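Worksheet for the structure shown next.
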Amino acid sequence: MIAQLQKDLIEYAKSIGVDKIGFTHASPFQELKNRLKRQQELNYQSGFEESDIELRTEPHRLLEGAESIIAIALAYPSKMEEAPTGKKGARRGIFARASWGIDYHVAVRERLQLIEEWLRERVPNVTLKSMVDTGELVDRAVAERAGIGWSGKNCSIITPEFGSYVYLGEMITNIPFQPDNPIENECGDCRLCLDVCPTGALVEAGQLNSKRCVAFLTQTKDFLPDEFRAKIGNRIYGCDTCQTVCPKNKGKINWIHDEFKPDPELAKPLLQPLLNISNKEFKAKFGPMSGSWRGKKPIQRNAIIALAHFKEEAAVPDLIEILKKDERPVMRGTAAWAIGKIGGPLAEEALLAAREKESDSDVLAEIEKGLLLLEV
């Protein structure tokens with residue numbers, strides 16, 4: 001009976017747009033527990049994840065009577081059609097591929113909810129607990145053990161069919177499904193992802209210092225540390241470098257789900273309009289994307305840094321207005337640094353005037369950095 005249910009579930013999952021489904025037992029993730037403890041000792045965790053290692057590695061703590069975990073994966077595109085090109089006077093930023101289209105949390109959760117309903121109709125007294133990304137379990141560890149893909153050196157799950165461009169979700173259940181076997185790691189001697197990581201966040205194969213990862217840094221809300229400002233380029237949310245260089249992703253375009261196909265004007269937005277966008281406009285325009293979850297502040301800060309990266313003189317008047325009037329010290333200070341980085345005839349006068357009026361010590365420090373950059 002369980003075998004037939006499992007077979008029928010696999011077919012149903014495909015019918016609702018699940019690209020891969022796998023099953024594993026609900027035993028503790030002991031090796032993962034050791035790795036997570038080591039991460040905490042090294043202070044490599046981002047702070048966004050669940051802090052309780054026991055909850056992250058022991059499914060029975062999350063669902064009494066847990067027997068199995070169902071893992072699912074949805075593929076997302078690696079390329080966009082008709083991608084716009086930035087140019088002088090109209091520079092563009094880039095959202096990481098995982099933020100293209102609608103918020104994947106919504107899309108994966110919808111599939112999991114449908115599977116929950118399907119199981120409840122067929123199994124009396126079934127118990128279930130689903131999660132996507134923000135849940136306690138580590139999605140990648142579940143997917144690896146359930147045979148969805150192997151855990152690559154870049155800390156992503158890599159599938160033979162879709163590369164690492166997959167969203168993951170899982171469901172703990174008291175149904176004793178037959179576990180799938182993990183698949184063989186095919187990274188071999190390749191270390192491209194380790195070698196090209198912009199900030200050296202990939203410390204070694206399978207170990208990430210999250211605090212140095214560009215994907216993490218673009219989501220922070222404070223001043224971006226100096227050493228990383230030149231590293232993020234025009235990325236305004238996330239980073240794909242360790243995926244785009246991966247040979248296993250070559251040719252994996254994944255134009256499968258319309259909901260994940262990007263609007264080019266959102267995935268590669270013009271930078272200057274972001275500087276003055278209101279909360280209401282931001283939510284209306286970018287709200288459906290997963291990259292909006294931290295609000296507009298990190299996006300605006302990153303847009304300022306991107307304009308400095310391009311040395312976009314056309315943006316200096318807007319940056320001066322931010323320096324003069326924005327109530328947020330991070331915006332004023334980042335704008336001051338960017339004005340110095342870009343330079344031009346308006347820069348020195350604007351920075352000197354701001355220095356006379358500014359009272360925030362962090363902003364004053366950024367103004368000084370800007371003035372020093374003008375001398376370079």
In region 198-237, residues that are in contact with a Gly (Cβ under 9 Å, 6 or more places away or on another chain), among the hydroxyl-bearing types (Ser, Thr, Tyr) and surrounded by fewer than 20 Cβ atoms within 10 Å (Cβ to Cβ) total 1
Restrict the check to region 176-189 and report whether at least one residue is among the small types (Gly, Ala, Ser) and surrounded by 20 or more Cβ atoms within 10 Å (Cβ to Cβ). no
Check your understanding: Any chance region 196-213 includes a residue that's in the same structural domain as residue 233 (by TED's automatic domain parsing), hydrophobic (A, V, I, L, M, F, W, C) and closer than 24 Å to residue 253 by Cβ?
Key -> yes
Scanning region 241-274 for residues that are acidic (Asp, Glu) and farther than 30 Å from residue 316 by Cβ, the one surrounded by the most Cβ atoms within 10 Å (Cβ to Cβ) turns out to be 259
_Filter result for residue 102 (among the β-branched types (Val, Ile, Thr) and under 30 Å from residue 233 (Cβ atoms))_ = yes
If we take region 262-335, then helices (runs of 4 or more DSSP H) inside it with 2 or more residues that are assigned by TED's automatic domain parsing to the domain that holds residue 217 and of a type in the set (Lys, Arg) are 279-286, 296-310, 316-325
Can you find a residue in region 79-92 that is touching a Leu at 6+ places or on another chain (Cβ under 9 Å), surrounded by 20 or more Cβ atoms within 10 Å (Cβ to Cβ) and of a type outside the set (Ser, Thr, Tyr)?
yes
If we ask which residues in region 62-116 are part of a loop (DSSP other than H, G, I, E, B), polar (S, T, N, Q) and closer than 22 Å to residue 21 by Cα, their number turns out to be 1
Checklist entry - Condition test on residue 35, is it surrounded by fewer than 19 Cβ atoms within 10 Å (Cβ to Cβ), under 23 Å from the mean Cα position of the chain (by Cα) and part of a helix (DSSP H, G or I)? => result yes
Counting only residues in region 117-144 that are among the charged types (D, E, K, R) and either under 25 Å from residue 289 (Cα atoms) or touching a residue at least 60 places away in the same chain (Cβ under 8 Å) (or both), the one surrounded by the most Cβ atoms within 10 Å (Cβ to Cβ) is identified as 139
Residue pairs within 8 Å by beta carbon, gap of at least six or interchain, first lying in region 333-345 and without any contact (Cβ under 8 Å) to a residue 12 or more places away in the chain, second surrounded by 23 or more Cβ atoms within 10 Å (Cβ to Cβ) and assigned to a loop (DSSP other than H, G, I, E, B), listed first then second, are none
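The values are calculated or read from the model by the stated rules, or taken from the named source; none is laboratory data. As the structure is a computational prediction, the values presented were derived from the model and not from experiment. Quick reminder, even Gly has a Cβ in these numbers, built from the backbone with ideal geometry, and neighbours come from all protein chains shown.
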